[in-house]
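Visitor: Starting off with a structure, shown below.
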């Protein structure tokens, strides 16, 4: 009897009953390959820690909650992003662009972790000698760190059984392959099976596994989307190539808040923590210059001040240029339309460029008002007061909607020395009075623009 086969796309992971030249889902050509639907597996490999022992159902009240469930990695910003430290038996995926500092961060935490526990660092991209040279450059002197230059999953699991580490670091997932699949390293099948094996290791033996993942040309983590669903935490490194600052963001976290950020600075000796991100993001801010406004956004549970800059100039083209960096493009276009329709600014005949300083991506609408003021300031030539911060979501009718966590935002604005804060009128009720901070409630962008025009 002929074995059944399936066809799947190596780019997006979708399966199809027959071969096609072009994937109808992602649109890529020559990415659909064939593989047996029921792959004959070899002899069952005993799992580390007795994973294949029959599990027993327990009541929730019977499950022990140990205080040693979390442990510190030695990097305070990383611990903050993870929700207070790494969780024992968790599987953490760290993604980012090449050279942004993923391997450097993992090697740096090894310097701390290897002092009290056994750590195994596996690299499928570098030799053991190359890792040693990089460790010497970063001034990492841990003697008890185990290094393995290998990309075969079965060999890695053998090393885990021999060394018995409490922490396993794999660099990177796209280079690991298993003998149970005939496809190339980094393919959909290889990534799925290798991730499943590491997940079984983490959950069965209680080993904390950190996995480094590459990104594709679209900026998302390479491999099937199921990879991000299987792991416990997904952390992404963000940053500009020409800047030394790096932002570590929690995209997914089963043990803490999402969208938490940690800020690092890349130096010759590796990554250095930046405990005060707001001060860093506002450093070098121009004073008395049109086209800039400060807002406060919530990154997880941490309030962070960010500077939004705008440049508006008459267009020499039939279709004006629109560029947005750090603010979602569709959101930026919506705000420009609201500014023209409800604010009375002729944006249609002008090129508009919007940028968030420091490489920070503003994912919440609380930055709408600051974006509106920055664009209006650039067009009118009237600067926004240097000590003014603007917080508020803008609707299609130009109204200002309430935002959450305003108490924390105002506390951060006050801590950084700002004397004025423009906010939605509905949010101005029952707010704590902070000495030296004047609250300016506005109902819509018309009121905000009139205040900017007449002097706040």
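The values are calculated or read from the model by the stated rules, or taken from the named source; none is laboratory data. The structure presented is a predicted model; accordingly, all values stated were derived computationally and were not measured. Note: ideal-geometry Cβ built from the backbone for every residue, glycine included; neighbour counts use all protein chains shown.
The rows are residues; the columns are (1) surrounded by 11 or more Cβ atoms within 10 Å (Cβ to Cβ); (2) modelled with pLDDT of 80 or more; (3) closer than 23 Å to residue 159 by Cα.
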{"position": "57", "(1), (2), (3)": "no, yes, no"}
{"position": "64", "(1), (2), (3)": "no, no, no"}
{"position": "71", "(1), (2), (3)": "yes, yes, no"}
{"position": "75", "(1), (2), (3)": "yes, yes, no"}
{"position": "79", "(1), (2), (3)": "yes, yes, no"}
{"position": "86", "(1), (2), (3)": "yes, yes, yes"}
{"position": "95", "(1), (2), (3)": "yes, yes, no"}
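Visitor: Name the residue that is farthest from residue 165 (Cα to Cα), counting only residues in region 189-206 that are out of contact with any helix residue (DSSP H, G or I) (no Cβ under 9 Å at 6 or more places or on another chain) and buried (at least 19 other Cβ atoms within 10 Å of the Cβ).
Guide: Checked region 189-206; the qualifying residue farthest from residue 165 (Cα to Cα) is 189.
Visitor: So, one more: Residues that are assigned to a helix (DSSP H, G or I) and out of contact with any strand residue (DSSP E or B) (no Cβ under 9 Å at 6 or more places or on another chain): does region 168-184 have at least one?
Guide: Pass one, region 168-184, residues assigned to a helix (DSSP H, G or I): 173-175.
Subsequent filtering for residues that are out of contact with any strand residue (DSSP E or B) (no Cβ under 9 Å at 6 or more places or on another chain) retains none.
Taking every residue of region 168-184 in turn, none turns out to be assigned to a helix (DSSP H, G or I) and out of contact with any strand residue (DSSP E or B) (no Cβ under 9 Å at 6 or more places or on another chain).
Visitor: If you scan region 83-95, which residues turn out to be part of a loop (DSSP other than H, G, I, E, B) and at negative phi?
Guide: Looking only at region 83-95, we keep the residues that are part of a loop (DSSP other than H, G, I, E, B), and these are 83-85, 88-90.
Within region 83-95, 88, 90 meet the criteria.
Visitor: Moving to a separate point now. Considering only residues that are surrounded by fewer than 16 Cβ atoms within 10 Å (Cβ to Cβ) and touching a helix residue (DSSP H, G or I) at 6+ places or on another chain (Cβ under 6 Å), which ones fall in region 244-284?
Guide: Correct list: 273 only.
Visitor: Go over the candidates 368, 351 one by one and state the one that is outside any loop (DSSP other than H, G, I, E, B), surrounded by fewer than 22 Cβ atoms within 10 Å (Cβ to Cβ), at pLDDT 95 or above and not assigned by TED's automatic domain parsing to the domain that holds residue 253.
Guide: Numbers: 368 fails: surrounded by fewer than 22 Cβ atoms within 10 Å (Cβ to Cβ).
Sole residue among the options that is outside any loop (DSSP other than H, G, I, E, B), surrounded by fewer than 22 Cβ atoms within 10 Å (Cβ to Cβ), at pLDDT 95 or above and not assigned by TED's automatic domain parsing to the domain that holds residue 253: 351.
Visitor: Let me ask something else. Which of the numbered conditions does residue 128 fail, given that it passes all the others? Conditions: (1) modelled with pLDDT under 95; (2) within 21 Å of residue 221 (Cα to Cα); (3) in contact with a strand residue (DSSP E or B) (Cβ under 6 Å, 6 or more places away or on another chain).
Guide: (2)
Visitor: Applying the selection to region 385-408, what residues are at pLDDT 95 or above, closer than 18 Å to residue 303 by Cα, in contact with a helix residue (DSSP H, G or I) (Cβ under 8 Å, 6 or more places away or on another chain) and crowded, with 19+ Cβ neighbours inside 10 Å?
Guide: If the condition is that a residue be at pLDDT 95 or above, closer than 18 Å to residue 303 by Cα, in contact with a helix residue (DSSP H, G or I) (Cβ under 8 Å, 6 or more places away or on another chain) and crowded, with 19+ Cβ neighbours inside 10 Å, then 389, 390, 391, 392 are the ones that fit.
Visitor: Sticking with this structure for a sec: Considering region 161-187 alone, what residues qualify as being surrounded by fewer than 21 Cβ atoms within 10 Å (Cβ to Cβ), in contact (Cβ under 8 Å) with a residue 40 or more places away in the chain and farther than 18 Å from residue 95 by Cβ?
Guide: Once the filter is applied, which keeps residues that are surrounded by fewer than 21 Cβ atoms within 10 Å (Cβ to Cβ), in contact (Cβ under 8 Å) with a residue 40 or more places away in the chain and farther than 18 Å from residue 95 by Cβ, region 161-187 yields 161, 163, 164, 166, 179, 180, 181, 182, 183.
Visitor: So residue 26 fits all but one of (1) modelled with pLDDT of 70 or more; (2) within 20 Å of residue 227 (Cα to Cα); (3) in contact with a strand residue (DSSP E or B) (Cβ under 6 Å, 6 or more places away or on another chain); what number is the exception?
Guide: Going through (1) modelled with pLDDT of 70 or more; (2) within 20 Å of residue 227 (Cα to Cα); (3) in contact with a strand residue (DSSP E or B) (Cβ under 6 Å, 6 or more places away or on another chain) one by one, residue 26 breaks only (3).
Visitor: Another one. Of all residues in region 392-418, which are outside any helix (DSSP H, G or I) and within 23 Å of residue 275 (Cα to Cα)? Steps first, answer last, please.
Guide: First, the residues of region 392-418 that are outside any helix (DSSP H, G or I): 392-405, 416-418.
Passing the criteria: 405, 416, 417, 418.
Visitor: Also, I was wondering about something else. Considering only region 207-229, how many residues are closer than 23 Å to residue 257 by Cβ, at pLDDT below 90 and touching a helix residue (DSSP H, G or I) at 6+ places or on another chain (Cβ under 7 Å)?
Guide: Residues meeting the conditions: 2.
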